[in-house]
């Protein structure tokens, strides 16, 4: 820690304080314990107390209460020395000599003790103060008094002065001694080893303890106190006062702010209890001859015991609070903090550990459909059942939301536990009188792949869980294959961000390109449109199909930027094909997140303006499931788009469970039958009936129908028989690069112009 230089004000105060203390010492040597000597001491302490009190606002907040008690201690000294001077003037005599001064130093020691307790051990706010510290200080004072009295009575014998005077003197010796011990412990516990103020105060207080003990022993031995001993005690107290004033003016000492340790406090309390009880027994076995010794020791033991009971209660409360802080409030199982602590404590075992991450797949639907009260009850039921099924084999924790984690002691049993958990969750639950079924995705990771950190293990389990979720649920173990898949996804995600930002040449991250798949009219085999399908020409991974990067774009909110790129390229490609005489509409797919994007109309307008393509040649395909996420918002957004002149097509029709009322409201010019219906058309009469009814319904609404995924001529012919308008699929051609499509169109004779409608 960097040392701080004293300010000029502190330097001047140190000089003044040193001169004042020197004047006091000279006065004491010349006059002895006189009124003049005590008045000078009172003035030094009072002025120092005023300085300290005036500097309260300039000191660190965490020390404010400590300085306030220091100021009170100095003012108490001033009152004591002034009172002692008054006694010497008004009621001279041996009987009361030194009593007011000694009791004043005992009070000052008590105030300093309280100030020391706040010195960087507490936060400087009211609720951080522990009243039990007062009990501990009083118990220490009584114990020190009893010990000192016992030792001296056993060695010196009976005193030639009254007992009350002996008691006063022994308190004057014990109080600084207890303060010194307390300051020494705080110096260690509060990390004040580099604080010159703590060391200076400790040295001065220890000196006071020694001088007080010497004075007490003199009284026992001779029945009187030498003036030099009292002069030395008063002078050192004045030095304490002057040093406190200088410290309040000196630069702030940066100490590490700490909180008190209940364990350290309990050790102090236990030491006082043991010492007090031991002294009571010792005085019974080898009597000191003074009842006050046993009484003081017993009171010390009693106060120490009360303080120890308070510490035990505090520790019990702390244990309870710790348990609550590590327990999930909804389910009663461990929370994330407790799980990570257990994982950190056990992952280093020779056999390692296994980590399971469990995500409930249909839980959001329960919350939305049945309400959060039912959802909370279901969450508790899941936690209870999994806890019972995995008892003794794993620690269950709820990480948040509908996500749980399990810590398995034996990594070889992790997969077995995963199956137990999945079976338990898939079994029906009866919640609020309803039977509820949910599914889950479970990711399994273990230390078997290496000495992974706790965070890494949880990340690996999380990665495996998402792989399971993308696969439709179930269990996925994080292994070398999953790790490679994850590394590939991260690599692709980084490159996709770069591609969309346009910050790197294609040689480094590749480029997005549009391929076009033709749509052919039923009956006359005319090409009536194309669908734009995005590809990523990657320099390391080759030509990537949409399924390999579109989920990444959707998950990381890149879909809007990607759609803008596809719109521009598709419009430019359609305009290029039109230059060859093929005036074909081009269809572009919109994801669910893009349909209601406020920026989409602007991107559409920019793509049309940049390519010169007519608005009615652009078709925006929206899946039925995307519309049904928020039907009202989707209808409003699609109406806005059609006002620009573009057309709308409902893609994957038949898979999204849409309502006929929304179909009537949608500004759709086309329905695209999903490939799942087309593939079963020739072998399932019910499917054929559905397709025929759909085509008839669409035509009655003035909507064209295109069937996608047509793989063979027999299916294409049957669709034509059912009055389908157009077909799309490998029966005609797959998706082709723009130049390849131009060549494919050029090979068709004669050149035909698409209907576009």
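Surrounded by fewer than 19 Cβ atoms within 10 Å (Cβ to Cβ), assigned by TED's automatic domain parsing to the domain that holds residue 578 and under 45 Å from the mean Cα position of the chain (by Cα): is that true of residue 630 in this structure? Yes; evaluated as a whole, the condition is true for this residue. If you go through the range 378-399 and keep only what is surrounded by fewer than 23 Cβ atoms within 10 Å (Cβ to Cβ) and under 21 Å from residue 347 (Cβ atoms), you end up with 390, 392, 393, 395, 399. Among the candidates 561, 526, 557, 545, the residue that is in the same structural domain as residue 706 (by TED's automatic domain parsing), farther than 20 Å from residue 467 by Cα, within 45 Å of the chain's Cα centre (by Cα) and surrounded by fewer than 20 Cβ atoms within 10 Å (Cβ to Cβ) is uniquely 561.
Checked against (1) more than 25 Å from residue 346 (Cβ to Cβ); (2) touching a residue at least 24 places away in the same chain (Cβ under 8 Å), residue 406 passes all but condition (1). For the range 577-633, taking the residues that are free of Cβ contacts under 8 Å to residues at least 12 places away in the same chain and part of a helix (DSSP H, G or I), the one that is farthest from residue 516 (Cα to Cα) is identified as 632.
Can you tell me which residues in the range 679-699 are buried (at least 16 other Cβ atoms within 10 Å of the Cβ) and either in contact with a strand residue (DSSP E or B) (Cβ under 9 Å, 6 or more places away or on another chain) or on the phi > 0 side of the Ramachandran plot (or both)? Within the range 679-699, 681, 691, 694, 695, 698 meet the criteria. Here 41, 2, 25 are screened, and the one residue that is at negative phi, in a helix (DSSP H, G or I) and either under 55 Å from the mean Cα position of the chain (by Cα) or at pLDDT 85 or above (or both) is 41. The number of residues in the range 634-644 being more than 30 Å from residue 679 (Cα to Cα), crowded, with 16+ Cβ neighbours inside 10 Å and either without any contact (Cβ under 8 Å) to a residue 40 or more places away in the chain or under 41 Å from the mean Cα position of the chain (by Cα) (or both) comes to 2.
Among the residues of the range 554-563, the one identified as more than 15 Å from residue 595 (Cα to Cα) and not in a helix (DSSP H, G or I) is 556.
Here the range 501-518 is the region considered, the condition is being buried (at least 20 other Cβ atoms within 10 Å of the Cβ) and out of contact with any helix residue (DSSP H, G or I) (no Cβ under 6 Å at 6 or more places or on another chain), and the residue that is farthest from residue 741 (Cα to Cα) is 510.
This table checks each residue for (1) modelled with pLDDT of 75 or more; (2) assigned to a helix (DSSP H, G or I); (3) under 19 Å from residue 13 (Cβ atoms).
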{"position": "193", "(1), (2), (3)": "no, no, no"}
{"position": "201", "(1), (2), (3)": "yes, yes, yes"}
{"position": "207", "(1), (2), (3)": "yes, yes, no"}
{"position": "213", "(1), (2), (3)": "yes, yes, no"}
{"position": "216", "(1), (2), (3)": "no, yes, no"}
{"position": "219", "(1), (2), (3)": "no, yes, no"}
{"position": "235", "(1), (2), (3)": "yes, yes, yes"}
{"position": "241", "(1), (2), (3)": "yes, yes, yes"}
{"position": "245", "(1), (2), (3)": "yes, yes, yes"}
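Could you tell me which residue of the range 492-534 is farthest from residue 618 (Cα to Cα), considering only residues that are free of Cβ contacts under 8 Å to residues at least 24 places away in the same chain and not in a loop (DSSP other than H, G, I, E, B)? Lay out the reasoning, then the answer.
Of all residues in the range 492-534, those free of Cβ contacts under 8 Å to residues at least 24 places away in the same chain come to 494, 498, 501-505, 524-525.
Then keep just the ones that are not in a loop (DSSP other than H, G, I, E, B); that gives 494, 498, 501.
Values: 494: 31, 498: 28, 501: 25 Å.
It comes out as 494.
Just to be sure before I move on: is residue 647 assigned by TED's automatic domain parsing to the domain that holds residue 727 and buried (at least 21 other Cβ atoms within 10 Å of the Cβ) in the structure I sent? Considered against the rule, which asks whether it is assigned by TED's automatic domain parsing to the domain that holds residue 727 and buried (at least 21 other Cβ atoms within 10 Å of the Cβ), residue 647 comes out as yes.
Sort through 570, 521, 592 and tell me the only one that's assigned by TED's automatic domain parsing to the domain that holds residue 611 and touching a helix residue (DSSP H, G or I) at 6+ places or on another chain (Cβ under 6 Å).
On inspection, the qualifying residue turns out to be 592.
Of the listed requirements (1) without any contact (Cβ under 8 Å) to a residue 24 or more places away in the chain; (2) not in a loop (DSSP other than H, G, I, E, B), residue 551 misses just one: (1). Within the range 465-489, the set of residues being part of a helix (DSSP H, G or I) and at pLDDT 85 or above comprises 465 only.
Here residue 345 fulfils each of the conditions (1) more than 24 Å from residue 466 (Cβ to Cβ); (2) buried (at least 16 other Cβ atoms within 10 Å of the Cβ); (3) at pLDDT 80 or above apart from (2).
The values are calculated or read from the model by the stated rules, or taken from the named source; none is laboratory data. Keep in mind the model is a prediction, meaning the values are calculated, not measured. Neighbour counts are summed over all protein chains in view; Cβ atoms, including those assigned to glycine, are modelled from backbone coordinates with ideal geometry.
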